[in-house]
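For reference, the structure is listed below as structure tokens.
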Amino acid sequence: MTINRRVAIRRLAILSVGTAFLPSCLQHGARPAVTLKNLTVNGDQAKLLEELTAALIPSDETPGAREISAHLFVLKMVDDCMSKADQEKFMKGLSAFDAVSGASSGKAFAEASAEQRAALLAAVEGGKGPGGKDGELGFFYTAVKRLTIQAYTSSQFYLTKVQVYELVPGRFHGCVPVKGQPVAA
């Protein structure tokens, strides 16, 4: 079988494109859906953060933190707005939260029942985790809680359905009588 130049170039192009896409096919964990510059978060950590934010603001008849993607907001805010030292403290706290979750319930936080999650969050809220409220776990939890509430209260759902935002001048009611004041003759 003879191969001419055109066939050899075509096969070389297919081979090079295949090797370019190979690393993306071999990744074990999913990556977060947001691009981060300073943090390196794998799929398991992103899933843990998603489950934590969903436990903080659960969904019922209204959307919760999972539906508004609060975990992506938390990651982006930590990546963009925190100092390098705080980012490292946050990531160590994320690892510590995962370890505490595994030690307390024997399962990952995402696989734990609602009662186990509530008990773990109450313990971390009370400062009973390693390092107390001032340690990396306490820093991580308070940062996630604060940023989750910020994400939820600035979401489109909240500002259009729960607390309707009205622009600053507000409404003008020109012909409304003032009650309680005598009318001058």
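The values are calculated or read from the model by the stated rules, or taken from the named source; none is laboratory data. Predicted, not measured: the structure shown is a model, and the values here were computed from it. Cβ sites come from the backbone with ideal geometry, for glycine too, and all protein chains shown count toward neighbours.
Inclusion of Val41 among residues that are among the hydrophobic types (A, V, I, L, M, F, W, C), in a loop (DSSP other than H, G, I, E, B) and either surrounded by fewer than 17 Cβ atoms within 10 Å (Cβ to Cβ) or within 18 Å of the chain's Cα centre (by Cα) (or both) is warranted. Pairs meeting the criteria (first residue in segment 25-42 and modelled with pLDDT of 85 or more, second residue assigned to a loop (DSSP other than H, G, I, E, B), beta carbons under 6 Å, at least 6 apart or on different chains) are Val41/Pro32; Asn42/Gly29.
Taking every residue in segment 70-96 that is over 19 Å from Leu121 (Cβ atoms) and among the aromatic types (Phe, Trp, Tyr) and pairing it with any residue that is in a helix (DSSP H, G or I) and modelled with pLDDT of 95 or more, at least 6 positions away or on another chain, the pairs with Cβ-Cβ distances below 7 Å are Phe73/Leu147; Phe73/Ala151. When we screen Glu50, Glu88 for residues that are part of a helix (DSSP H, G or I) and either closer than 20 Å to Thr153 by Cβ or at pLDDT below 90 (or both), the only hit is Glu50.
Of all residues in segment 99-109, exactly one satisfies the criterion of being under 18 Å from the mean Cα position of the chain (by Cα) and either farther than 16 Å from Tyr141 by Cα or modelled with pLDDT of 90 or more (or both), namely Ala108.
All told, Asp80 meets the bar of being over 24 Å from Val162 (Cβ atoms) and either more than 10 Å from the chain's Cα centre (by Cα) or in a helix (DSSP H, G or I) (or both). From the list Ala151, Ala143, Ala112, the one residue that fits, being closer than 20 Å to Ala70 by Cβ, at pLDDT below 90 and surrounded by 15 or more Cβ atoms within 10 Å (Cβ to Cβ), is Ala112.
Of the candidates Lys107, Lys133, the single residue that is in a loop (DSSP other than H, G, I, E, B), of a type in the set (D, E, K, R), touching a Gly at 6+ places or on another chain (Cβ under 6 Å) and at negative phi is Lys133. Among the numbered criteria (1) outside any helix (DSSP H, G or I); (2) of a type in the set (A, V, I, L, M); (3) within 19 Å of the chain's Cα centre (by Cα), which one does Leu72 miss? Evaluating Leu72 over (1) outside any helix (DSSP H, G or I); (2) of a type in the set (A, V, I, L, M); (3) within 19 Å of the chain's Cα centre (by Cα) leaves (1) as the failure.
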